[in-house]
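Working notes for the structure below.
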Amino acid sequence: MATRALVNARVLVEDGFRDDVAVLLDEAGDIAALVPAGQARVQAAEVHDLGGGWLVPGFIDAQVNGGGGVLFNNDTRAEAIAAIGRAHRRFGTTGFLPTLISDDAEVMARAVAATREAIAAGVPGVLGVHLEGPYIAPARKGTHDAAKFRVPDAAEAAMATSLDNGVTLITLAPEQVPLGTVRDMVARGAIVVAGHTAASYEQARAGLDAGLRGFTHLFNAMSPLQGREPGAVGAALEDRDSWCGVIVDGVHVHPASLRVALAAKPRGKLFLVTDAMPMVGSEDPAFALYGEVITAVDGVVRNAAGALAGSALDMATAVRNCVRLLGLPLDEAARMASTYPAQFLGLSARHGRIAPGCQADLALLDDDLQVRSTWIAGAREDVV
């Protein structure tokens, strides 16, 4: 018998929302079965009424620089990763990659070690690590410190791909890194994507042919699509197989550009990321990066030079923005925050879906699409 049944919710399954099913959870924290709602009391020891809310797969964020007042670059400990995860969980994120932006090799090594430790210790939600840089283009650096930029040698590439108990995502500029190094990173099991890149269309295409799986924050910090120079954006929109993360905050990318991308890419190839900074889940709008104070003003995060410096976005707001700014139905917006990133990360057998055999990572939304509860591996936490 299942230990718990979740009933009275509109449950997002493969073909859309259903209000006539119960979700059964087992003792291991997995989804045991979906059954007709009337059978819940027969098949489960406990029944939990979800009040008619929207039950969706927990959100998966592949780009989380910080949260809860913590920036991963400034605190590369497992405890810091846990604090970031706690801050984002209240916004429906049940899986994430702590993200280190361009830094020294020793900081990168500490970040990988901390991620390994956090996963081994069972810190809720940690799926791996995202190393965003430092193998990127000075011309498209954004808020990254160009003094940190370099081309990795074999030893550093091995270090960057050394996480052995989770996903490694590496953002680099394909025109800055030898394609042989890209192939080696992919062969070591890393997911390698293009970002902060000034690549021509031809260079981006060569990167895809070498094994790049996609593009980090599409449109931002990359060569744009133009009539005679398609650039990295053109390569991303044309390619049918690659995935693209998008920051849907109404600031990083104009809604019209996002609608163009949705029309160009096959369904499922765009997924949501936050690029979140420490103010998410914190009362403090400021933090230090590379010795400079970065502040969010009216929800927009910029450095002293005026460049965007990450975001103050959370995943629940990104989902709402997909519905309200882009006109997407809730089921598709929720998949962009859960199912599609799980597929991108190669984790869809266990994550990103409400289906038997998947880990019970869930988010309950009310009619205003605010998060009311989350489950990670079946453990429930209510938002108060």
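The values are calculated or read from the model by the stated rules, or taken from the named source; none is laboratory data. On a predicted model such as this, the values are computed, not experimentally measured, just so you know. Every residue, glycine as well, gets a Cβ built from its backbone with ideal geometry; the counts of neighbours run over all protein chains shown. With ligands, DNA and RNA removed, areas are computed over all heavy atoms of the protein, side chains included. Shrake-Rupley method; radii C 1.70, N 1.55, O 1.52, S 1.80 Å.
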Practice prompt. Looking for whichever is over 18 Å from THR374 (Cβ atoms), among the β-branched types (Val, Ile, Thr) and at pLDDT below 95 here; the options are VAL112, VAL42, VAL35. Which one fits?
Written response: VAL42
Fill in: Residue among GLY250, GLY245 that is closer than 25 Å to THR339 by Cβ, part of a strand (DSSP E or B) and in contact (Cβ under 8 Å) with a residue 60 or more places away in the chain
GLY245
Worksheet entry | Residue pairs meeting the criteria (Cβ under 6 Å; at least 6 apart or on separate chains; first of a type in the set (S, T, N, Q), in the range 152-172; second open to solvent by 30 Å² or more (accessible area, probe 1.4 Å) and assigned to a helix (DSSP H, G or I)) | ASN165/ARG116; ASN165/ILE119
Discussion item. Give me the residue from the range 194-209 that is within 23 Å of the chain's Cα centre (by Cα) and in a helix (DSSP H, G or I) and, out of that set, farthest from PRO138 (Cα to Cα).
Written reply: LEU208
Discussion item. Suppose the filter is under 24 Å from TRP243 (Cβ atoms) and assigned to a strand (DSSP E or B); does ALA355 pass it?
Written reply: no
Discussion item. Of everything in the range 218-242, what is in contact (Cβ under 8 Å) with a residue 60 or more places away in the chain and either open to solvent by less than 10 Å² (accessible area, probe 1.4 Å) or farther than 25 Å from THR317 by Cα (or both)? Give them in sequence order.
Written reply: MET222, SER223
Discussion item. Looking only at residues that are crowded, with 18+ Cβ neighbours inside 10 Å and without any contact (Cβ under 8 Å) to a residue 60 or more places away in the chain in the range 280-311, which one is farthest from THR171 (Cα to Cα)?
Written reply: ALA296
Item to complete: Count, please, the residues in the range 322-331 that happen to be open to solvent by 30 Å² or more (accessible area, probe 1.4 Å) and in a helix (DSSP H, G or I).
Response: 3
